[in-house]
Amino acid sequence: MVRKLKFKENLVISYDEYLENKSKYLFEIEKPLKSDLKLNNPHGQGKKIERLTKELHLRIGELENDIIKFGSEEKNLTRSTFVRYLILEYGKQYVRKEISENYYNSLKKYKNLFDELELKRELRENLLKKRGADKKTANQLCYQRTKLKFEIENIEKEINHLSAYLKKYEKFFEDEITNSEKI
C-alpha cells in the first residue's frame, strides 16, 4: 500500500521566509538518488516505438551510389535513412494502411504528453517556492521536487522520440491532417 506524502501546513514555509530566517532552518537534506525514486520508465531500448531489425545488402553501380549520396545530402539524411525514405515513398498506400492506427495513437499520446509536461512543470514550480520548516518536511519536499525533475526529463525524452517517429511518417498523412484542420 502506497501512502501519499502529506504536509502539515505549519511545517511548509515560503522560500522568502526561508531566506529571511536561514539560520533557523539549518538541517541536512538528503537528496534522493534517481534509482530511489521508483520512476515509471523502462531503460534503454525498451521504449523504442519501432525497431530496425532487418538488414538489406544491395549491389549497386556507381551511378546509383551517386544518386543515393546526392539525395541523402539534399534531404540532409543519412544514406540508410534516405533509402528507407525512398522505400516508404514507393509503398505509400501500403504504409498508410499498415501504420495508420499506430500513427494516430502516437499523435494522441504526443499531445497528451505535452499536457502532462505542462502540469508537472507547474507543480514543480510551486514546490520550488516552498521549503520545509523541519528536517522531515524538507526532505519530503526535496524528494518530490527531484522526482518531478526526472519525470519531466523522461517526458521530454519521450516527446522527442515520438516527434521523430511522427515526423518520419507525417508525409503519408498530410492530406488527412490538413483536411481535419480545415473542418
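The values are calculated or read from the model by the stated rules, or taken from the named source; none is laboratory data. Just so it is clear, the model here is predicted, and its values are computed rather than measured. Heads up, the Cβs are rebuilt from the backbone with ideal geometry, glycines too, and the neighbour counts pull from every protein chain shown. Side chains included, ligands, DNA and RNA excluded: accessible areas come from the protein's heavy atoms. Shrake-Rupley method; radii C 1.70, N 1.55, O 1.52, S 1.80 Å.
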Suppose we filter L107, L77 for residues that are at pLDDT 80 or above, aliphatic (A, V, I, L, M) and part of a helix (DSSP H, G or I); which single one remains? L107
Residue satisfying condition, being part of a helix (DSSP H, G or I), at pLDDT 90 or above and closer than 30 Å to L86 by Cα, within set E156, E151, E125, E118: E156
Can you pull out the residues in the range 50-66 that are part of a helix (DSSP H, G or I) and open to solvent by 100 Å² or more (accessible area, probe 1.4 Å)? E62, L63
Based on what the data block shows, is K47 at negative phi, charged (D, E, K, R), modelled with pLDDT of 85 or more and surrounded by 10 or more Cβ atoms within 10 Å (Cβ to Cβ)? no
Residue match in the range 80-87 (condition: on the phi < 0 side of the Ramachandran plot, among the hydroxyl-bearing types (S, T, Y), within 28 Å of the chain's Cα centre (by Cα) and at pLDDT below 80): no
So, L141, is that one in a helix (DSSP H, G or I) and under 26 Å from P32 (Cβ atoms) or not? yes
Matching residues, the range 141-151, being over 20 Å from L19 (Cβ atoms) and open to solvent by 20 Å² or more (accessible area, probe 1.4 Å): Y143, Q144, T146, K147, K149, F150, E151
Can you go through K129, K92 and tell me which one is touching a Ser or Thr at 6+ places or on another chain (Cβ under 8 Å) and either of a type in the set (D, E, K, R) or surrounded by 13 or more Cβ atoms within 10 Å (Cβ to Cβ) (or both)? K129
